[in-house]
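Okay, structure first, notes after.
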Amino acid sequence: DSILAIENAYVAWGRCPRPDKCFRCKHIINRKVNLSMDSERELYHLMICYPEKMVKNAMTFFKTRFDNHHKLYTHPNTVAAGYMICDILLLADAFIKLSTQSESEGSMKHSSTGEYYTRAPFLPISRANLHPESYLRLKDSILDVIETTSCENLKPARLLLKRFRARDLYKKVASEAIICSDGKNIDLGWQRELWYMDELETCKKIVKCGKISEGSTIELKEDDIIIEKLAIHHGMGAENPVSRMRFLPKSQLSKLREAPENLPIAEEVSEKQYESTMPRAFLQRTLRVYCRKSSDDTCDHLKTCFYQFIEHVKKHAANGGFDDASDPSNNDNTINVLSQSPARASNDTFGLSNHSFMSNRSHEPQRKRPRRSLKEMVDERINSP
């Protein structure tokens, strides 16, 4: 489909599908609330378009994107492996330093004060992106470095890495599909409360359900739980991505060899022409729960506690616990594609404890801290024991 899309792409005039985001058109929108005819014409510019016959192929292309994310990129094993690698790096972060200096680098002159200084010689893994030399040294081989070291402080990281090599991954123990009939707003009040609840709060309440469970001898800790809020879409969130594309009817294709100012105008195609290939909704939300411990008993207990927690949320919402006016979806268009994603987390956003990593460590992110200067962050790392 991608090759077909490239081969059939043309350049023609078309009305900008997102004038509020387009660098060329947003100043027109900001300048005039009620657009005049001249301003409306300014919203037309040259863009990539396709023959009208390609509209169903375009919809198929975005559906393939959705299927790939659903079956491959967000597969539970794929996500669990990402969480484990993040945990391994967090365990090793305080004990592995990456050099910030090249062989020929010495003292440098400060641009504002004129004083000479020497750059901090090392940075931890989580801060390697702050300096090019360190970042270039951070490769996939960092796992091999951790695996072959004999440092006692890195023993927890080596144990978790050994488990990772054996494919004993964190387990997905439960999931809850969030129903959105229109593809945008969550239908059920209790599911809205569940979806917009903070992940740390969710973990605490699941553990609380475990403590009040009768007959259970398994101790469940917050560090054992990962809450993942997964939202998969077709490329434009809850919107139809094909509606942002422009197509040319067959009668206009002969004009594509004209001078730029005489090129034809491509138009949006009505959804009625390809509604048979459209999905019911363009956005799918799912809340998934992972267990860091490999014990089947712990996984089963966590699953039971999660569904007990679900019943608690249902009762809470039925008693008016969730206010629709405070629903973040009413004023927040941001889509949380992967909550608690290791790619978005830094070492400063995690609360660390000896229990969690030694027993398949938790890394639930906390709220963002106030932004600190680079010097403060580096000094803190260098002076840490």
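The table below lists the values:
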| item | result |
| --- | --- |
| Test set (1) touching a residue at least 40 places away in the same chain (Cβ under 8 Å); (2) crowded, with 16+ Cβ neighbours inside 10 Å; (3) not hydrophobic (A, V, I, L, M, F, W, C) - ASN185 fails condition number | (2) |
| Some residue of region 97-117 being open to solvent by less than 30 Å² (accessible area, probe 1.4 Å), modelled with pLDDT of 90 or more and not aromatic (Phe, Trp, Tyr) | no |
| Subset of region 7-41 [modelled with pLDDT of 80 or more and assigned to a helix (DSSP H, G or I)] | GLU7 |
| ILE232 vs. criteria crowded, with 18+ Cβ neighbours inside 10 Å and of a type outside the set (Asp, Glu) | yes |
| Evaluation of ILE227 against (1) within 25 Å of ASN68 (Cβ to Cβ); (2) loosely packed, with under 14 Cβ neighbours inside 10 Å; (3) not aromatic (Phe, Trp, Tyr) (one fails), failing number | (2) |
| Pick from region 239-251, criterion open to solvent by 40 Å² or more (accessible area, probe 1.4 Å) and part of a helix (DSSP H, G or I), ranking: nearest to THR64 (Cα to Cα) | ARG244 |
| Filter pass, CYS180 being out of contact with any strand residue (DSSP E or B) (no Cβ under 9 Å at 6 or more places or on another chain), at pLDDT below 95 and open to solvent by less than 50 Å² (accessible area, probe 1.4 Å) | no |
| Selection from region 252-283 of residues that are buried (at least 16 other Cβ atoms within 10 Å of the Cβ), among the β-branched types (Val, Ile, Thr) and in a helix (DSSP H, G or I) | none |
| Any hit, region 294-317, residues being more than 16 Å from LEU200 (Cα to Cα), part of a loop (DSSP other than H, G, I, E, B), open to solvent by less than 80 Å² (accessible area, probe 1.4 Å) and at pLDDT 50 or above | yes |
| Any hit, region 59-71, residues being of a type in the set (A, V, I, L, M) and either within 30 Å of the chain's Cα centre (by Cα) or at pLDDT 95 or above (or both) | yes |
| Selection from region 126-144 of residues that are assigned to a helix (DSSP H, G or I) and surrounded by fewer than 18 Cβ atoms within 10 Å (Cβ to Cβ) | ASN129, LEU130, PRO132, GLU133, TYR135, LEU136, ARG137, LEU143, ASP144 |
| Residue, nearest to HIS75 (Cα to Cα), within region 199-211, restricted to residues that are open to solvent by 20 Å² or more (accessible area, probe 1.4 Å) and touching a strand residue (DSSP E or B) at 6+ places or on another chain (Cβ under 9 Å) | GLU199 |
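The values are calculated or read from the model by the stated rules, or taken from the named source; none is laboratory data. Because the structure is predicted, anything quoted here is derived from the model rather than measured. Because the Cβ atoms are built from the backbone with ideal geometry, glycine has one as well, and the counts that use them run over all protein chains shown. Heavy atoms of the whole protein, side chains included, go into the accessibility calculation; ligands, DNA and RNA do not. Shrake-Rupley method; radii C 1.70, N 1.55, O 1.52, S 1.80 Å.
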